[in-house]
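J.: First, the structure itself, so that you have it in front of you.
The values are calculated or read from the model by the stated rules, or taken from the named source; none is laboratory data. All values reported here derive from a predicted model rather than from experimental measurement. Note that each Cβ is placed from the backbone with ideal geometry, even for glycine, and that neighbours are counted across all protein chains shown.
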């Protein structure tokens, strides 16, 4: 691929990603009010970790995921619990530990955002033939794998 072809590709790719981000931002705009960047980052990490730990993530795992101390994580969690963005419950496997999960309001906003992206993606795929869908998915998978392999960070 020539340099100008690569530039055209990444500009189009980023333009599409930016537009999707704008659409998603309007869906969870209320989450952004009175929140610090690190608080938003924590909410996103809790959301992602709750897929792996549906009963709630421990403070230790959350702190490790954010590269902060458990004490700092606990302080941030407390602030987000007061804002009704996170929940802090007893861990069902270990009563001494806590389980951190999204509060219903946060969970609903993330679900609305995902539904918006699902509708947008389904609309796009509806315009493609089966062969185009398969080629697109395969190409995107290769692209993602290449980026992660060459940027030194795994998913």
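J.: Got at least one residue in the range 139-151 being surrounded by 13 or more Cβ atoms within 10 Å (Cβ to Cβ) and outside any strand (DSSP E or B)?
T.: Scanning the range 139-151, I find no residue that is surrounded by 13 or more Cβ atoms within 10 Å (Cβ to Cβ) and outside any strand (DSSP E or B), so the answer is no.
J.: Take the residues of the range 68-102 that are part of a strand (DSSP E or B) and without any contact (Cβ under 8 Å) to a residue 24 or more places away in the chain: which is farthest from residue 47 (Cα to Cα)?
T.: This residue is 90.
J.: Quick one: what pairs do we get from the range 104-125, first residue not assigned by TED's automatic domain parsing to the domain that holds residue 86, second modelled with pLDDT under 85 and not in a helix (DSSP H, G or I), C-beta under 8 Å, 6+ apart or different chains?
T.: Listed by first residue and then by second, the contacts come to 109/28; 110/28; 112/28; 113/28.
J.: Out of 91, 50, which single residue is farther than 26 Å from residue 136 by Cβ, modelled with pLDDT under 90, touching a strand residue (DSSP E or B) at 6+ places or on another chain (Cβ under 6 Å) and not assigned by TED's automatic domain parsing to the domain that holds residue 113?
T.: It is 91.
J.: Looking at (1) in contact with a helix residue (DSSP H, G or I) (Cβ under 7 Å, 6 or more places away or on another chain); (2) modelled with pLDDT of 95 or more; (3) closer than 30 Å to residue 9 by Cβ, can you tell me which one residue 117 breaks?
T.: With respect to (1) in contact with a helix residue (DSSP H, G or I) (Cβ under 7 Å, 6 or more places away or on another chain); (2) modelled with pLDDT of 95 or more; (3) closer than 30 Å to residue 9 by Cβ, residue 117 is out only on (2).
J.: If you don't mind, there's one more thing I want to ask. Give the number of residues within the range 8-37 that are at pLDDT 75 or above and either more than 20 Å from residue 77 (Cα to Cα) or outside any helix (DSSP H, G or I) (or both).
T.: 18
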